[in-house]
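Visitor: Just dropping this structure here.
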Amino acid sequence: MRDVIEELEQKREEARLGGGPRRIEAQHRRGKLTARERIELLLDEGSFEEFDTFVTHRSTAFGMDKTRIPGDGVVTGWGTVNGRKIFVFAKDFTVFGGSLSEAHAEKVRKVQHLALKTRCPIVGLYDSGGARIQEGVASLAGYAEIFKQNVVASGVIPQISLIMGPCAGGDVYSPALTDFIFMVRDTSYMYVTGPDVVRTVTNEVVTHEELGGASVHTTRSSISDGAWDDDVEALTELRRFIDFLPANNRDGVPEWPSHDPGDRAEPSLDTLVPDNPFSPYDIKELIRKVVDEGDFFELGERFAGNIVTGFARIEGRSVGIVANQPMVLAGVLDSDASRKAARFVRFCDAFSVPIVTFVDVPGFLPGTAQEGGGLIKHGAKLLFAYSECTVPLVTVITRKAFGGAYDVMASKHIGGDVNYAWPSAQIAVMGAKGAAEILYRGREPEEIAEATRDYEERFMSPFVAAERGYIDEVIRPHNTRRRIARALALLRTKEVETPWRKHDNLPL
Ligand code: HXC
C-alpha cells in the first residue's frame, strides 16, 4: 500500500505542475497566476477538492499521442467561499494554452452537472486559446454541450465567469451565457475572432486590447460587469461578490451578521437633494448611506452611468439596488441604461433577491439616435423586467419621476410593493416648463411663465400621487434606511401567483 500511495503522491505532484516549470514561469512573467494558484486564492484555505486530476486527451493526430499532460488544460472541482459551497473550473494556460479538447470539455461538464444537481454556484476562470486545434470537430461538440448546460442552469444557480487571460473563439460563448462576467485589466481579452483573423478578413489592424480588452468590454460592449487590476485583486473581490449571491433560486439570499442597526437615521440625507431641481447630486452617496456599513458592490460602473446597479445588504440580507444617477445625463433613461438595468432586475428576480429602486429620472432620452437605435424596444426590456418581478420591490422617489420613466422605475402600477417619496419628489407627465410650452404654444412669454408656475404648483410635488395612493407615504429622507428595512422585513413573506406559461417573450 505504501508504494501505491507514494505513486499516487508522485502522480499528483506531476499533475500539479501542469505544463511544467518553463510555462509556469512564462505565466508568472506575464503577471498571471496559474490555474491552481488562482483556485487557492478564490476558495477558503484547504477547501479545494479536485476532480479528474489525471484525465488526459485522447487525440493522436499531429503528434499529440506523445504529449499527454494530466488535467488536460483545465483544473476542476469544488470548495467553499466563506463556508459556502461553490464549484469551480480554471483553464490552465500552461497546458496546450488552456485550449478545449473533448476530454477537457467533459471535465467542465462534470462540474456543471454537479453544481446544478447540488444547487451550488459555479465559477469559471478563463485563460484559453479556444478550441484545441488538433482535435477539430470534437472540440466544437464539447463547447456546444457546455453552452447547452449553461442554459439549462440559467436562473437555477448563479454562474460567474472571470476572464484572466485570452478568451477566444469557442471560449467566449460560455461566459456570455452566464450571469456575470468580470475581467482582469491588461492581461485578459475576449473576442470571437482574434487580431490575425480580423486583419485577414477586414484589413483592420488592431491589438488584443483594442479588440477585446477590459477597456472595451466594461464600456462600449458592456459584456463585462467590471474589471480589476490583477489576479489577486480580482479573486479577492470575486469572493466579496459571491457573498452577496444566493446559492440557487430556491434558498433565498444569504444572511450575514450585521453591525449596522436597521433603524439608523442619516440626518445628512435631509440636505442631499439641492434646492435647484436642475443641480445634480450623487445617488451613490444615498446608496452608501442607506445600506449596511456603506458596502455597495457596483456592477457595470463604466457603462451607462446614468443608471447605477449593484448589490448591497440591509440588515445583513442581500438586496439589488437600481438607481438613476443625476450626475450622468441628469439620470435620463436611454437604451443602454434600460438594457443594463433590465438584465440586473431579471437576475434579482430569478434568484429572489429583493430590489430597492431609487428614482430621480427626467424621462426617456429624446432624439433620432435613440429612437433609431431602438429605444422603444430597449426601454420595454426594463418595463418588462420590473413588471414580471415577483420579488419584493421597494421604491423611493427622491426627486423627478417624469413621464413613462416614472411608470417604468418600479412604480406602484407595475408591481412596486412599497413606494415612498421624499418631500422633494416631483411626479408628473413632464417638467413644468416643457408642459407649459406645449399647452400654451405660441402664447406670450409671460403667459407661459405663469402656466409653468401653475403646473409646478399642481404637479411638482409628491402629494398629487400620494393623494391617489400611488405613493404609500411621503417620508423624511433621514429615515430612508429605517423605512426600507421595515418594508423589506414586511415583504419577506411576499407570495405572488403567476399564470402558467412556458416562458415569457421579453422584447430582445
Ligand atoms: C492548441 C494551443 C491553442 C489552441 C494556444 N495553444 N492556442 N494549442 N489549440 N487553440 C498552445 C500554443 O501552441 C502554445 O504551445 C501554448 O498554447 C501557448 O500559446 P502561445 O501562442 O505561445 O501564447 P501567446 O503568445 O500568449 O498567444 C495566446 C493566443 C494564441 C493569442 C491565445 O495562442 C492563439 O492565437 N491561439 C489560437 C487561438 C485560436 O485561433 N483558437 C481557435 C479559435 S476557433 P506551447 O507548446 O508552445 O507552449 C474556436 C472555434 C470554436 O475556438 C467555436 C465554438 C462555438
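Visitor: Return the residues of region 105-141 that are over 16 Å from A90 (Cα atoms), assigned to a helix (DSSP H, G or I) and within 11 Å of the ligand (Cβ to nearest atom); say none if nothing qualifies.
Guide: Hits for region 105-141 are V137, S139, L140, A141.
Visitor: Here's a follow-up. Give the residues of region 57-79 that are surrounded by 17 or more Cβ atoms within 10 Å (Cβ to Cβ) and polar (S, T, N, Q), sorted by residue number.
Guide: Across region 57-79, the qualifying residues are S59, T76.
Visitor: So, one more: Every residue in region 142-153 that is more than 12 Å from the ligand (Cβ to nearest atom) and aliphatic (A, V, I, L, M), please.
Guide: Residues satisfying the conditions are V151, V152, A153.
Visitor: Checking the conditions here, which among F54, F96 is more than 30 Å from the chain's Cα centre (by Cα), over 20 Å from M164 (Cα atoms) and aromatic (F, W, Y)? Give the steps one after another, and end with the answer.
Guide: Numbers: F96 fails: over 20 Å from M164 (Cα atoms).
Residue meeting the stated conditions: F54.
Visitor: I've got another one for you. For a quick check of your reading of the model, give me the residue pairs whose first member lies in region 124-146 and is in the same structural domain as A234 (by TED's automatic domain parsing) and under 14 Å from R109 (Cα atoms), whose second is of a type in the set (F, W, Y) and more than 7 Å from the ligand (Cβ to nearest atom), with beta-carbon atoms closer than 9 Å and at least 6 apart or on different chains.
Guide: G124/F89
Visitor: Of all residues in region 160-186, how many are surrounded by fewer than 22 Cβ atoms within 10 Å (Cβ to Cβ), more than 17 Å from the chain's Cα centre (by Cα) and within 14 Å of the ligand (Cβ to nearest atom)?
Guide: Residues meeting the conditions: 1.
Visitor: For the list (1) β-branched (V, I, T); (2) under 30 Å from R29 (Cβ atoms); (3) modelled with pLDDT of 95 or more, I need the number of the one condition that T67 fails.
Guide: The one condition T67 does not meet is (3).
Visitor: Quick check: is even one residue across region 74-91 in the same structural domain as D127 (by TED's automatic domain parsing), at pLDDT 95 or above and not in a strand (DSSP E or B)? Spell out the reasoning first.
Guide: Residues of region 74-91 in the same structural domain as D127 (by TED's automatic domain parsing): 74-91.
Applying the additional criterion that residues be at pLDDT 95 or above yields 74-91.
Checking which are not in a strand (DSSP E or B) leaves us with 82-83.
So far as region 74-91 goes, yes, one or more of its residues are in the same structural domain as D127 (by TED's automatic domain parsing), at pLDDT 95 or above and not in a strand (DSSP E or B).
Visitor: Scan region 4-37 residue by residue and report those that are among the polar types (S, T, N, Q), part of a helix (DSSP H, G or I) and modelled with pLDDT of 95 or more.
Guide: Step one: of region 4-37, the residues among the polar types (S, T, N, Q) are 10, 27, 34.
Now restrict to residues that are part of a helix (DSSP H, G or I): 10, 27.
Answer for region 4-37, where residues must be among the polar types (S, T, N, Q), part of a helix (DSSP H, G or I) and modelled with pLDDT of 95 or more: just Q27.
Visitor: Go through region 79-93 and report how many residues are aliphatic (A, V, I, L, M) and at positive phi. Break it down into steps so the answer makes sense when it comes.
Guide: Filtering region 79-93 for residues aliphatic (A, V, I, L, M) gives 81, 86, 88, 90.
Narrowing further to those that are at positive phi: none.
The total comes to 0.
Visitor: Okay, next question. Here is a list of conditions, (1) touching a Leu at 6+ places or on another chain (Cβ under 7 Å); (2) on the phi > 0 side of the Ramachandran plot, and A304 meets all of them except one; can you say which number that is?
Guide: (1) is the only condition that A304 fails.
Visitor: I'd like to know if region 110-123 contains one or more residues that are surrounded by fewer than 23 Cβ atoms within 10 Å (Cβ to Cβ), assigned by TED's automatic domain parsing to the domain that holds E49 and on the phi > 0 side of the Ramachandran plot.
Guide: Among the residues of region 110-123, at least one is surrounded by fewer than 23 Cβ atoms within 10 Å (Cβ to Cβ), assigned by TED's automatic domain parsing to the domain that holds E49 and on the phi > 0 side of the Ramachandran plot, which makes the answer yes.
Visitor: Something else now. R23 is checked against (1) within 14 Å of T53 (Cβ to Cβ); (2) within 16 Å of the ligand (Cβ to nearest atom); (3) not aliphatic (A, V, I, L, M) and fails just one. What number does that condition carry?
Guide: With respect to (1) within 14 Å of T53 (Cβ to Cβ); (2) within 16 Å of the ligand (Cβ to nearest atom); (3) not aliphatic (A, V, I, L, M), R23 is out only on (1).
Visitor: Looking only at region 94-136, which residues are more than 19 Å from Y173 (Cβ to Cβ) and in contact with a helix residue (DSSP H, G or I) (Cβ under 7 Å, 6 or more places away or on another chain)? Full working, then the answer.
Guide: Narrowing region 94-136 to residues more than 19 Å from Y173 (Cβ to Cβ): 94-96, 103, 110, 114, 117-121, 134.
Result: T94, P121, Q134.
Visitor: Right, next: Is it the case, given these coordinates, that I414 is without any contact (Cβ under 8 Å) to a residue 24 or more places away in the chain, surrounded by fewer than 24 Cβ atoms within 10 Å (Cβ to Cβ) and not charged (D, E, K, R)?
Guide: Numbers: without any contact (Cβ under 8 Å) to a residue 24 or more places away in the chain: no; surrounded by fewer than 24 Cβ atoms within 10 Å (Cβ to Cβ): yes; not charged (D, E, K, R): yes.
Judged against the criteria, I414 is not a match.
Visitor: Scan region 189-214 residue by residue and report those that are under 12 Å from I163 (Cβ atoms), in contact with a Pro (Cβ under 8 Å, 6 or more places away or on another chain) and more than 11 Å from the ligand (Cβ to nearest atom).
Guide: Within region 189-214, just M190 meets the criteria.
Visitor: On to the next question. All but one of (1) touching a residue at least 24 places away in the same chain (Cβ under 8 Å); (2) of a type in the set (A, V, I, L, M, F, W, C); (3) within 15 Å of the ligand (Cβ to nearest atom) hold for V156; state the number of the condition that does not hold.
Guide: (3)
Visitor: Only residues that are outside any loop (DSSP other than H, G, I, E, B) and among the basic types (K, R): list them for region 485-508, please.
Guide: The initial filter retains those residues of region 485-508 that are outside any loop (DSSP other than H, G, I, E, B), namely 485-491.
Residue satisfying the conditions is R486 alone.
The values are calculated or read from the model by the stated rules, or taken from the named source; none is laboratory data. Not measured: the values here are computed from a predicted model. Please note: Cβ atoms are built from the backbone with ideal geometry, for glycine as well, and neighbour counts cover all protein chains shown.
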